[in-house]
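Read through the structure below, which is laid out as structure tokens, and then see the notes.
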Amino acid sequence: MYEFTWKVFKETGSVDTYLLLKELEKEEHINILPLVENSSEVEIQ
């Protein structure tokens with residue numbers, strides 16, 4: 001979904017699409033965060 005939204009934003013420059021892209025980034029970060037906390041091999045910068 002993220003890749004499709006990025007392609008649409010690049011083609012249209014739509015503000016609504018940009019806001020959707022930012023929401024997807026937040027959700028992706030939230031979904032990844034617990035995995036990072038549980039992994040001792042991942043270095044957080």
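Coordinate-derived values only; no laboratory data. Fair warning: this is a prediction, and the values are worked out from it, not measured in the lab. Every residue, glycine as well, gets a Cβ built from its backbone with ideal geometry; the counts of neighbours run over all protein chains shown.
Whole-Hz ³J(HN,Hα) for each residue in region 11-17, computed from phi via Karplus 6.51 cos²θ - 1.76 cosθ + 1.60 with θ = phi - 60°, x for glycine and proline: what do you get?
Karplus-based 3J(HN,Hα) across region 11-17 equals 6, 9, x, 5, 5, 4, 5 Hz.
Under a Cβ-Cβ cut-off of 12 Å, what is the net charge of the residues other than residue 28 that fall near it, where Lys and Arg count +1 and Asp and Glu count -1? Let's see the in-between values first.
On the way: positive: 22, 26; negative: 3, 23, 25, 27.
Charge balance near residue 28 sits at -2.
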